[in-house]
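Student: To start, I am sharing the structure in question, which I have written as structure tokens.
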Amino acid sequence: MTVKTLSELLECNCIAGHGGLERPVTGGYIGDFLSWVMGRAEENSAWITVMGNINGVAVALLADVSCIILCDSAPLDEDARLRAEENDIPVLTSPKSAFALALSLGKALGQC
């Protein structure tokens, strides 16, 4: 499944990184402790978080995740938006909780 398809299924809005919407999504990860995410998120995961700052985008690049999903309507800083655009890291946003998004992600990927 692509980030674009996932975004549609989860009813998220893409607010940055539109150039990466065709990237595959093969799993998911939830976390806000950045060093923890760097060491544990798998490549091509959709990362669910509230970390909408430039450090979050840097972690997404290092962990090689497919996209960042900002849950609970968490904001995205302007510096982070620019960095996400430069690096084609899709940033999706949703008013849903991390739990609700994780359930939907798992169903969409056939993992639950």
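Student: Tally up the carbon and sulfur contribution to the accessible surface of region 1-45 as a whole percent, 1.4 Å probe, everything protein left in place.
Tutor: Of all accessible area on region 1-45, carbon and sulfur atoms account for 52 percent.
Student: Give a residue-ordered list of calculated ³J(HN,Hα) values for region 62-71 (Karplus: 6.51 cos²θ - 1.76 cosθ + 1.60, θ = phi - 60°; whole Hz; x for Gly, Pro).
Tutor: Each residue of region 62-71 in turn: 5, 7, 6, 6, 6, 6, 10, 10, 7, 8 Hz.
Student: Which far-off residues, 5 or more places away or on another chain, put their amide H under 5 Å from the one on residue 48, with H placed in the peptide plane?
Tutor: 29, 30, 31, 69
Student: Would you mind getting the accessible area per residue of the chain, heavy atoms of the protein chains only, 1.4 Å probe, in Å²?
Tutor: 49 Å²
Student: At a 1.4 Å probe radius, which order do 26, 93 fall into by accessible area, largest first?
Tutor: Values: 26 80, 93 30 Å².
Ranked list, largest accessible area first: 26, 93.
Student: Assuming a ≥ b ≥ c are the square roots of the Cα gyration tensor eigenvalues, decide whether region 1-104 counts as rounded (a/c under 1.5), prolate (otherwise, with a/b larger than b/c) or oblate. Before the final figure, lay out each step's value.
Tutor: Details: a/c = 1.15, a/b = 1.09, b/c = 1.06.
Rounded shape, in that the Cα axes give a/c under 1.5.
Student: I need to check one value: relative contact order of region 1-79, counting alpha carbon pairs closer than 8 Å and at least 6 residues apart, in percent.
Tutor: Numbers: 128 pairs, mean separation 20.9, N = 79.
In percent, rounded to a whole number, it is 26.
The values are calculated or read from the model by the stated rules, or taken from the named source; none is laboratory data. Since this is a predicted model, take the numbers as computed values, not measurements. Accessible surface areas use protein heavy atoms only, side chains included; no ligands, DNA or RNA. Shrake-Rupley method; radii C 1.70, N 1.55, O 1.52, S 1.80 Å.
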